[in-house]
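Presented below is the structure to which this report refers.
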Amino acid sequence: MSALFRGLRDGHGFDALLALLALVYLLTFSAFPLVYNIVMSFQEVDMFSMADLVRPFVGLANYKTLFASPDFWPILRNTALFVLLSIVFQLAIGFGLALFMQQDFPGATYLRGLFLAAWIMPALVVGAVWKWIFAGDFGVLNYFLQQLGLVGSKVFWLSDPAISLYSVTIANIWLGIPFNMILLSVGLAGIPKDMYEAAALDGANALQRFWHMTLPMMRSTLGAVISLGIIFTLQQFDLFASLTQGGPANASNVAQYWSWQLSFQTYDIASGSAVSCLMLGFVIVVAVIYVRSTRHEHRA
Amino acid sequence: MKRYALLALALVFLAIYLFPLYWMYLTAFKPSSETFTYPPSFWPHDPEWNFAKVFVDKKMATYLSNSLLIAVGTTAIVALFGTGCAYALSRVRSVWMDVILFLILMMQVLPSSLMATPIFVIFNQIGLIATPRTAVVLVQAAKVLPLYIVLTRTSFMQIPKELEEAARVDGATRFGAFMRIAVPLARNGILVTSVLIFLQSFGEYVYSRSLISEEALQTATVGLMNFMGPNTTDWNGIMTYAVIYVTPILFVFVLLQRKIVSGLTAGALK
């Protein structure tokens, strides 16, 4: 007993104790719910059986109902589209801004940091502001677009089922640009300057330098930023809640919002947990790929 | 000359990007009659100071104090559990520590909206739902703890081991060396990360919406959603609410901008 105590006080037991305290906390409040969720997705759970400790198992019935639901595939398609478009544009705009901010001019670092003001705001408030910008009749976006002659009549960004998903995506891209830019800036700063000078001496033009030097040197950073982008985009909930609530008629619904709606608005907890399981599985696969690739870089 | 042209261009990009923020502040200052003019005006002709009225009418004191409570509680738990773990992970390289780090990174990526379902059911069964703000603090802490550990770990890694070893030779225990040498030296990283965690929790929405049913215990995000309603038109009031809510956040951000950016970038890519 006293050896154990001495180990905690003086030896490696101390490190183990500190690490385990946090791990136990996370296992209790993250890992356990995760496992519980998997179990629930094979059970019959509704408002009445929710509090029971023992619930009837129904096998794959919840998943079968889910796949048969007419909403399932459109919402999955929306989710894929939302993630894909968000990543592509966040990355492209973020990369462009990072390259620009890399130039030598006064206050570059400070101005670059100011972009993060958007990222630090509660996403729900960002959603409220964008809802006002998107407003059909008095929205400022329609005004700009009409002034520029890009649209003839007013666009109903949030209530037109053909557009609503793209409107939420636009707001999400806006929110994601600063984070992409900052991370890519770090990657750019790590490329040795003299490489560019040597290439410029050899007569490579700016485009060639970008294509043959910047992009290959940025490969691991880009990989990290894309994985983090997928993970963060699948966390996006507040914008859906504040902008469209998945509507009109699920036209802008995505899996992470749908899962919540099923559980908390229609009280179909079994289906909610089944959707949740599918998405959590996907997120974890992306995260494993990401962590493994960054660890690999680290050791090499 | 070229440097100043680039600066001007950078300012233009920033202005375009931050236009939604300007629009929020502008709308908050416009009187409601001017809010609904088309074409819209880009400068308030007759600025109105509605803040006190919205603050009282929308019960913002209650909502904001609930948000504050949740942010303080979350930050306290995270700092308590996370600091030691970050330290241990920075000091020991072993297979076990790698496994722990991997598990922690995995738990960072779980979206709150997907975790809300099982957490609601579990908390209902064990009765935690009766103290909903505590419930939100507990799960929000679990959500942000991994980020805190990852970011703080990089601060501990920058402290040379020799300093602690010297203290140990002088008779300090591991705990003494940790508290009196390592923590004070990593102070900056710990503080900045705590501020980041605090700000994130201050804007928490999913768990508050899912676990808190009583209105008097709701947070400022949920209050804003209630205010927006399905067919709202009071954009002037909503933007005033938003301004009251985010101005302190933006103020803290501008003060700590440099440190937040460097802390974030150090942690995210390692």
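The values are calculated or read from the model by the stated rules, or taken from the named source; none is laboratory data. Everything numeric in this text was worked out from a predicted model, so none of it was measured. A quick note on method: Cβ atoms are made from the backbone with ideal geometry, for glycine too, and the neighbour counts reach across all protein chains shown. Only protein heavy atoms, including side chains, enter the accessible area calculation; ligands, DNA and RNA are left aside. Shrake-Rupley method; radii C 1.70, N 1.55, O 1.52, S 1.80 Å.
Those helices (runs of 4 or more DSSP H) of region A:192-300 in which 1 or more residues are modelled with pLDDT of 90 or more and surrounded by 22 or more Cβ atoms within 10 Å (Cβ to Cβ) occupy A:219-233, A:238-243, A:255-264, A:269-299. Taking the stated definitions as given, is B:Tyr22 within 11 Å of chain A (Cβ to nearest Cβ), assigned to a helix (DSSP H, G or I) and farther than 30 Å from A:His12 by Cα? Yes. In this structure, does B:Arg180 turn out to be touching a helix residue (DSSP H, G or I) at 6+ places or on another chain (Cβ under 6 Å), open to solvent by 30 Å² or more (accessible area, probe 1.4 Å) and either in contact (Cβ under 8 Å) with a residue 24 or more places away in the chain or not in a loop (DSSP other than H, G, I, E, B) (or both)? So B:Arg180 fails the test.
Of all residues being among the aromatic types (Phe, Trp, Tyr) and in a helix (DSSP H, G or I) in region A:100-148, which is nearest to B:Pro39 (Cα to Cα)? Just the residue, please. Walk me through it before giving the result.
Of the residues in region A:100-148, the ones among the aromatic types (Phe, Trp, Tyr) are A:100, A:105, A:110, A:115, A:119, A:130, A:132, A:134, A:138, A:143-144.
Cutting the leftovers down to in a helix (DSSP H, G or I) gives us A:100, A:110, A:119, A:130, A:132, A:134, A:143-144.
Details: A:Phe100: 34, A:Tyr110: 34, A:Trp119: 29, A:Trp130: 18, A:Trp132: 15, A:Phe134: 14, A:Tyr143: 7, A:Phe144: 10 Å.
Once the filter is applied, the top-ranked residue is A:Tyr143.
Evaluate the following for B:Phe81: is it surrounded by fewer than 17 Cβ atoms within 10 Å (Cβ to Cβ), within 13 Å of chain A (Cβ to nearest Cβ) and out of contact with any strand residue (DSSP E or B) (no Cβ under 7 Å at 6 or more places or on another chain)? Criteria not met by B:Phe81.
Of the residues that sit in region B:198-207 and are surrounded by fewer than 24 Cβ atoms within 10 Å (Cβ to Cβ) and more than 7 Å from chain A (Cβ to nearest Cβ), which one is nearest to the chain's Cα centre (by Cα)? Only one residue tops the list, namely B:Gln200.
Residue by residue, here is whether (1) more than 9 Å from chain A (Cβ to nearest Cβ); (2) open to solvent by 40 Å² or more (accessible area, probe 1.4 Å); (3) touching an Asp or Glu at 6+ places or on another chain (Cβ under 8 Å) holds:
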| position | (1), (2), (3) |
| --- | --- |
| B:Thr219 | yes, no, yes |
| B:Gly223 | yes, no, no |
| B:Asp234 | yes, yes, no |
| B:Ile238 | no, no, no |
| B:Ala242 | no, no, no |
| B:Thr247 | yes, yes, no |
| B:Phe251 | yes, yes, no |
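For first residues located in region B:151-166 and farther than 16 Å from B:Phe81 by Cα and open to solvent by 80 Å² or more (accessible area, probe 1.4 Å), partners that are in a helix (DSSP H, G or I) and charged (D, E, K, R) and lie 6+ apart or on another chain with Cβ distances below 9 Å form the pairs B:Met157/B:Arg91; B:Lys161/B:Arg91.
For B:Asp46, state whether it is within 29 Å of the chain's Cα centre (by Cα) and of a type in the set (Asp, Glu). It is false that B:Asp46 is within 29 Å of the chain's Cα centre (by Cα) and of a type in the set (Asp, Glu). Restricting attention to region B:91-106, the residues being crowded, with 22+ Cβ neighbours inside 10 Å and not β-branched (Val, Ile, Thr) number 1.
Residue-level analysis places B:Val109 among those that are surrounded by 22 or more Cβ atoms within 10 Å (Cβ to Cβ) and either at positive phi or facing another protein chain (nearest Cβ under 10 Å) (or both). If you check A:Phe144, A:Phe156 for being open to solvent by 50 Å² or more (accessible area, probe 1.4 Å) and in contact with a Leu (Cβ under 9 Å, 6 or more places away or on another chain), only one passes: A:Phe144.
State whether one or more residues within region A:6-26 are modelled with pLDDT under 90, part of a loop (DSSP other than H, G, I, E, B), surrounded by 14 or more Cβ atoms within 10 Å (Cβ to Cβ) and touching a helix residue (DSSP H, G or I) at 6+ places or on another chain (Cβ under 6 Å). Within region A:6-26, none of the residues are modelled with pLDDT under 90, part of a loop (DSSP other than H, G, I, E, B), surrounded by 14 or more Cβ atoms within 10 Å (Cβ to Cβ) and touching a helix residue (DSSP H, G or I) at 6+ places or on another chain (Cβ under 6 Å).
Of the residues making up region B:218-270, those that are in contact (Cβ under 8 Å) with a residue 12 or more places away in the chain, among the small types (Gly, Ala, Ser) and within 19 Å of A:Val126 (Cβ to Cβ) are B:Ala220, B:Gly223, B:Gly237, B:Ala242.
Residue-wise test of (1) more than 8 Å from every other protein chain (Cβ to nearest Cβ); (2) among the acidic types (Asp, Glu); (3) within 23 Å of A:Ser276 (Cβ to Cβ).
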site: A:Ala19; (1), (2), (3): no, no, no
site: A:Phe29; (1), (2), (3): no, no, yes
site: A:Phe42; (1), (2), (3): yes, no, yes
site: A:Asp46; (1), (2), (3): yes, yes, yes
site: A:Met50; (1), (2), (3): no, no, yes
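Yes/no matrix, rows are residues, columns are (1) open to solvent by 20 Å² or more (accessible area, probe 1.4 Å); (2) hydrophobic (A, V, I, L, M, F, W, C); (3) in contact with a His (Cβ under 9 Å, 6 or more places away or on another chain):
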{"residue": "A:Glu44", "(1), (2), (3)": "yes, no, no"}
{"residue": "A:Met50", "(1), (2), (3)": "no, yes, no"}
{"residue": "A:Val54", "(1), (2), (3)": "yes, yes, no"}
{"residue": "A:Leu60", "(1), (2), (3)": "yes, yes, no"}
{"residue": "A:Trp73", "(1), (2), (3)": "yes, yes, no"}
{"residue": "A:Ala98", "(1), (2), (3)": "no, yes, no"}
{"residue": "A:Gln103", "(1), (2), (3)": "yes, no, no"}
{"residue": "A:Pro106", "(1), (2), (3)": "yes, no, no"}
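Residue by residue, here is whether (1) under 27 Å from B:Gly263 (Cα atoms); (2) of a type in the set (Lys, Arg); (3) more than 9 Å from chain B (Cβ to nearest Cβ) holds:
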| position | (1), (2), (3) |
| --- | --- |
| A:Ala117 | yes, no, no |
| A:Val126 | yes, no, no |
| A:Trp157 | no, no, yes |
| A:Leu165 | no, no, yes |
| A:Val168 | no, no, yes |
| A:Ala200 | no, no, yes |
| A:Thr214 | yes, no, yes |
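From the list B:Phe251, B:Phe227, B:Phe178, B:Phe202, which residue is farther than 30 Å from B:Leu26 by Cα and aromatic (Phe, Trp, Tyr)?
When all the criteria are applied, what remains is B:Phe178.
With respect to the conditions (1) part of a helix (DSSP H, G or I); (2) under 30 Å from B:Ile129 (Cα atoms), A:Ile75 lacks only one, and its number is (2).
How many residues are open to solvent by less than 70 Å² (accessible area, probe 1.4 Å) and more than 10 Å from every other protein chain (Cβ to nearest Cβ) when one looks only at region B:26-51? Final tally of qualifying residues: 10. With respect to the conditions (1) within 13 Å of chain A (Cβ to nearest Cβ); (2) over 22 Å from B:Tyr205 (Cα atoms); (3) of a type in the set (D, E, K, R), B:Arg180 lacks only one, and its number is (1).
In region A:171-191, how many residues are of a type in the set (Gly, Ala, Ser) and at pLDDT 90 or above?
2
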